[in-house]
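Undergrad: Can you keep this structure in mind? I'll have questions shortly.
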Amino acid sequence: MASSDPHKLMVKADKLTKLSLTRWSADWKSATQLYEQAANGFRVAKNIEQAKIAFEKASQGQEMLSSPWDAAKHMESAAALAKELHNWREVADFYRKASELYNECGRSQPASDALAKAARALEDAVPEDAIQLYTDACIMLEEDDKEQMAFDLYRAATNVYIKLEKYADAATFLLRWGLAADKCNATNSQCKAYLSAIIVYLYANDFKQAEKCYNDCSQVDAFLRSDQNRCATKLISAYTEGDVEEIKRVAQSSAISNLDHVIIKLARKLPTGDVSALKKANAVQDEEPLDENDLT
């Protein structure tokens, strides 16, 4: 049947949206139905590029009809097809647009999910963009007091940072996760995030920052009384004493085995630097002679 030809449906729909001497107003309702039919037709025929364009136009039509939810759904379909075509810029743009449309409906969860889908699609091809999308998805949930819904996003962003060997950024995101967990009384997740951040700093061979992180996190009562804190204390102590065997032993402990897989892998590779140099530095500090003129 000629009317089921998606190309002809697109031409017919386009005509309905254009004004002419005989058409003074666009018929978006009829046009949108035709775009939707065409999009499905192209998809069945495996014409991915045309299906993507049709869904984009169907989304625009639903927007014109004041149906942001349906517009968002169509935009997500266009984004998924752009992903099949490896068109990463459109993947990001379409999912962001879908997210905005869900926000118009006052729905932060699907709005955040749309950004997360974009981030997952971009992780390998454009990891820096993926991190930004994960961050924006987290912010969306944080602003709506739905931090607990963002735990997988904190984890995913941290993993991308570690893949990129951006360890300071990874640790910062873990601390952000800890703060979010604190807000929703998820004490176990909070303590795991803090211990993970300390491990990431140690893996990056930044003992000074690891120690500062440990001291700061230990100000939090929930962490101070936790198994994760006891594990962190043993790690910091083993580093201070330059005890490589103890570091390796602690890295095998159950507190670390219960962390995320990516963090466990880092912990099992500790120590990464020369801890004996750290021991010498501490010994020199301890043996500094007293200054008789210093009366403080």
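The values are calculated or read from the model by the stated rules, or taken from the named source; none is laboratory data. Here the structure is a predicted model, which is why all the values come from computation and not from measurement. All Cβ positions, glycine included, derive from the backbone under ideal geometry; neighbour counts span all protein chains shown. These accessible areas exclude ligands, DNA and RNA; they are computed on the full protein's heavy atoms, side chains included. Shrake-Rupley method; radii C 1.70, N 1.55, O 1.52, S 1.80 Å.
Undergrad: In the set Gln228, Gln209, which member is in a helix (DSSP H, G or I), crowded, with 19+ Cβ neighbours inside 10 Å, at negative phi and not hydrophobic (A, V, I, L, M, F, W, C)?
TA: None of the other options fit; the residue is Gln228.
Undergrad: Here is a follow-up. Within region 50-82, how many residues turn out to be farther than 16 Å from Leu9 by Cβ, surrounded by fewer than 22 Cβ atoms within 10 Å (Cβ to Cβ) and not polar (S, T, N, Q)?
TA: Summing the residues that are farther than 16 Å from Leu9 by Cβ, surrounded by fewer than 22 Cβ atoms within 10 Å (Cβ to Cβ) and not polar (S, T, N, Q) in region 50-82 gives 8.
Undergrad: Residues in region 114-139 that are open to solvent by less than 50 Å² (accessible area, probe 1.4 Å) and within 21 Å of Leu179 (Cβ to Cβ): how many?
TA: 10
Undergrad: For Glu142, indicate whether it is more than 10 Å from the chain's Cα centre (by Cα), surrounded by 17 or more Cβ atoms within 10 Å (Cβ to Cβ) and either of a type outside the set (S, T, N, Q) or assigned to a helix (DSSP H, G or I) (or both).
TA: For Glu142, the condition - more than 10 Å from the chain's Cα centre (by Cα), surrounded by 17 or more Cβ atoms within 10 Å (Cβ to Cβ) and either of a type outside the set (S, T, N, Q) or assigned to a helix (DSSP H, G or I) (or both) - is met.
Undergrad: Has region 31-46 got at least one residue that is in contact with a Ser or Thr (Cβ under 6 Å, 6 or more places away or on another chain), farther than 30 Å from Arg120 by Cα and outside any helix (DSSP H, G or I)?
TA: No, every residue in region 31-46 fails to be in contact with a Ser or Thr (Cβ under 6 Å, 6 or more places away or on another chain), farther than 30 Å from Arg120 by Cα and outside any helix (DSSP H, G or I).
Undergrad: Quick one: would you say Ser99 is within 16 Å of Arg120 (Cβ to Cβ) and under 23 Å from the mean Cα position of the chain (by Cα)?
TA: For Ser99, the condition - within 16 Å of Arg120 (Cβ to Cβ) and under 23 Å from the mean Cα position of the chain (by Cα) - is met.
Undergrad: Going through region 240-270 one residue at a time, which ones are modelled with pLDDT of 95 or more, open to solvent by less than 30 Å² (accessible area, probe 1.4 Å) and either closer than 12 Å to Leu202 by Cα or in a loop (DSSP other than H, G, I, E, B) (or both)?
TA: Answer for region 240-270, where residues must be modelled with pLDDT of 95 or more, open to solvent by less than 30 Å² (accessible area, probe 1.4 Å) and either closer than 12 Å to Leu202 by Cα or in a loop (DSSP other than H, G, I, E, B) (or both): Ile247, Ala251, Leu259, Ile263, Leu266, Ala267, Leu270.
Yes/no per residue for (1) of a type in the set (Ser, Thr, Tyr); (2) at pLDDT below 95; (3) open to solvent by less than 100 Å² (accessible area, probe 1.4 Å); (4) under 19 Å from Glu76 (Cα atoms):
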site	(1), (2), (3), (4)
Ala2	no, yes, yes, no
Lys8	no, no, no, no
Lys12	no, no, no, no
Thr17	yes, yes, yes, no
Ala31	no, no, yes, no
Leu34	no, no, yes, yes
Gly41	no, no, yes, yes
Val44	no, no, no, yes
Asn47	no, no, yes, yes
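Undergrad: For Leu278, state whether it is open to solvent by less than 30 Å² (accessible area, probe 1.4 Å) and either at pLDDT 95 or above or farther than 30 Å from Thr187 by Cβ (or both).
TA: The answer is no for Leu278.
Undergrad: If I ask for residues that are among the charged types (D, E, K, R) and either open to solvent by less than 50 Å² (accessible area, probe 1.4 Å) or in contact with a Ser or Thr (Cβ under 6 Å, 6 or more places away or on another chain) (or both), which ones from region 145-197 would you list?
TA: Once the filter is applied, which keeps residues that are among the charged types (D, E, K, R) and either open to solvent by less than 50 Å² (accessible area, probe 1.4 Å) or in contact with a Ser or Thr (Cβ under 6 Å, 6 or more places away or on another chain) (or both), region 145-197 yields only Glu147.
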